[in-house]
Amino acid sequence: MKVEYVTPFVSASSSVIHTLIGLNAERGKLSARPQLFTSQQVNIVCGITGEIEGQVIYGMSMVTAKKMASKMLGGQPVPEFDQLAASAIAELGNMISGSSSNQLFQSGFKTDITPPTIVKGPNISMSNFDIPTLVIPLNVPEVGELEIAVSLRQRKKQAA
């Protein structure tokens, strides 16, 4: 996978998190996976369509999801991951993916995003048609780790 596909998701994640909750995320060590997989408990799945296609999963532990939702909701306690918390977390994925899509456009790739889907439960594997996956952990102080799994490729040209 080309680094120019991944960089927008890292920069958008850091920027959106800083804008929403005022904290600076620190990037961890990148790793590769042969398939799109997450072991996290709360996952935001966003599809990318257009000249670049695939999926991105923003995964986090339940504890991190509750802390992130609480910060996004102005400090309101989130004792349970309810519909309001899920909505806040889905919007986080939507904002990051939208900003990433804009950055991809500025690099010459026309893309669009699908609405985010929240998937709860660990060990989620998704079919990605043999698109390699790069995983970027972001540590957000006071909140926890956000794992970004990016599985994208340039769209194959259709025969006319």
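All of the numbers you see were taken from the coordinates with simple rules; none came from a lab. All figures in this text were calculated on a predicted structure; none of them were measured in a lab. All Cβ positions, glycine included, derive from the backbone under ideal geometry; neighbour counts span all protein chains shown.
For the range 108-160, which GluC sites (Glu not before Pro) are both in a DSSP coil and crowded by at most 15 other Cβ atoms within 10 Å? Those satisfying the criteria are 142.
Defining a contact as two alpha carbons under 8 Å apart and six or more residues distant in sequence, what relative contact order in percent does the range 1-114 show? Write out the running numbers ahead of the final one.
Numbers: 130 pairs, mean separation 35.3, N = 114.
RCO, the range 1-114: 31 percent.
Each helix, a run of at least 4 DSSP H residues, gives -39500 (n - 2.57); summed and divided by the residues of the chain, these come to -11500 deg cm²/dmol at 222 nm.
Fewest-first ordering of 20, 104, 146 by other beta carbons within 10 Å of each residue's beta carbon gives 20, 104, 146. Calculate I(q)/I(0) for the chain by the Debye formula, one identical point scatterer on each C-alpha and no solvent, and give its log10 at q = 0.16, 0.17, 0.18 Å⁻¹ to two decimals. One equal scatterer on each Cα of the chain leads to -0.83, -0.94, -1.06. The distance linking the range 98-160 with the range 23-39 is 11 Å (Cα centroid to Cα centroid, whole angstrom).
Restricting the range 121-160 to trypsin sites (Lys or Arg not before Pro) that sit in a DSSP loop and have at most 10 other Cβ atoms within 10 Å of their own Cβ leaves 156, 157. On a 0 to 90° scale, report how tilted helix 3-21 is relative to the longest principal axis of the chain, with both axes built from alpha carbons and the result rounded to the nearest 10. Compared with the principal axis, the helix lies near 20 degrees.
Taking 18 Å as the limit for the C-alpha separation, the pairs 29/120; 67/120; 29/66; 110/156; 2/156; 29/71 exceed it in the case of 29/120; 29/66; 29/71.
Rounded to the nearest 10 degrees, the angle from helix 83-106 to the longest Cα principal axis of the chain is 40 degrees.
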